[in-house]
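Here the structure comes first, spelled out in structure tokens, and everything after it is commentary.
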Amino acid sequence: MDCINQRGIAYGIGVGPGDPELMTLKAVRLIRENDIIVVPGKDPKDSVAYKIAEAVIPEISGKTLVSVSMPMVNDKEALTHSHREAAKQIESYLDDGKNVVYLTLGDVSIYCTFSYLQKILEEDGYAVELVSGIPSFCAAAARLNTPLVEGKEELHIVPGFYRRNETVSYDGTTVLMKSASHMSDVKEYLREKNTTVFAVENCGMENEKVYQTLDEIPDDAGYFSLIIAKNKY
């Protein structure tokens, strides 16, 4: 039991959607207090999440930066292997009694790569804590100066465009995330629906773009593009 008690804590920290000023005070404090910073990707310093944190905490560059491989593939066996390897990297620091901070865009509980690692770490008996960040769709709505939902309206968050027969048939507001790879299909579908459509590309970043109508959204919109579709009544 003593050995377990001396293990470090793994923190999954959301750094927000892009604007460094939207980082939470808790996220900033924990990054400053701990020396092991884990970032998905080949080079931590190339990560968008790292660059957001660095803008607020420049001393992060002097900490131990650890890159973990979290590939975006459909091969379940490959994913399981990469997740296990990433967890082992983190566990090696936790076993030495060091806390580990894993940086991720937006909020750590919404379609986040750390969720896979959290399951493994907890199954292996390690302590994990999640630190919420501002989700991209909340930041996008604020940037558009429009409420996501009002009164008894429903809010639906859709990852991609996988069930098009159901998507945007929901009542209230639907947020389409990760739809850039088939944007032309998304636009064609939305055109057939009685919806008001907004979008923000690279919300909070230097190359941010705001689209107030469906026709303004380019077919080649970037990966960090988010659509807000409001049903008309």
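The values are calculated or read from the model by the stated rules, or taken from the named source; none is laboratory data. Remember, it's a predicted structure, so these values are computed and weren't measured experimentally. Note that we place each Cβ from the backbone using ideal geometry, even for glycine, and neighbour counts take in every protein chain shown.
Just a few scattered comments:
- Counting only residues that are touching a His at 6+ places or on another chain (Cβ under 9 Å) and among the aromatic types (Phe, Trp, Tyr), region 170-215 holds 1 of them.
- For region 156-171, the candidate set comprises residues that are hydroxyl-bearing (Ser, Thr, Tyr) and exposed (fewer than 15 other Cβ atoms within 10 Å of the Cβ); within that set, the residue that is modelled with the highest pLDDT is 170.
- Region 197-214, residues that are surrounded by fewer than 16 Cβ atoms within 10 Å (Cβ to Cβ) and either more than 21 Å from the chain's Cα centre (by Cα) or more than 20 Å from residue 135 (Cα to Cα) (or both): 212, 213
- Residue count for region 114-137, restricted to those that are outside any helix (DSSP H, G or I), in contact with a helix residue (DSSP H, G or I) (Cβ under 6 Å, 6 or more places away or on another chain) and of a type outside the set (Val, Ile, Thr): 1
Yes/no matrix, rows are residues, columns are (1) in contact with an Asp or Glu (Cβ under 8 Å, 6 or more places away or on another chain); (2) of a type in the set (Gly, Ala, Ser); (3) closer than 30 Å to residue 84 by Cβ; (4) surrounded by fewer than 17 Cβ atoms within 10 Å (Cβ to Cβ):
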site	(1), (2), (3), (4)
121	yes, no, yes, no
131	no, no, yes, no
154	yes, no, no, yes
173	yes, no, no, no
187	yes, no, no, no
216	no, no, no, yes
232	no, no, no, yes
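- Among the criteria (1) modelled with pLDDT of 95 or more; (2) of a type in the set (D, E, K, R); (3) loosely packed, with under 13 Cβ neighbours inside 10 Å; (4) under 20 Å from the mean Cα position of the chain (by Cα), the one residue 107 does not fulfil is (3).
- When we screen 77, 91, 21, 85 for residues that are of a type in the set (D, E, K, R), buried (at least 19 other Cβ atoms within 10 Å of the Cβ) and outside the structural domain of residue 142 (by TED's automatic domain parsing), the only hit is 91.
- For region 32-55, the criterion of being more than 25 Å from residue 206 (Cα to Cα), over 19 Å from the mean Cα position of the chain (by Cα) and among the basic types (Lys, Arg) is met by none of the residues.
- The set of residues from region 209-232 being acidic (Asp, Glu) and farther than 10 Å from residue 180 by Cβ comprises 215, 216.
- Criterion applied to 53, 127 was being buried (at least 18 other Cβ atoms within 10 Å of the Cβ) and modelled with pLDDT of 95 or more, and the one residue passing it is 53.
- Every residue from region 121-152 that is under 13 Å from residue 175 (Cα atoms) and touching a Ser or Thr at 6+ places or on another chain (Cβ under 7 Å): 148, 149
- Number of the condition not met by residue 204 [criteria: (1) in a strand (DSSP E or B); (2) within 29 Å of residue 15 (Cα to Cα)]: (1)
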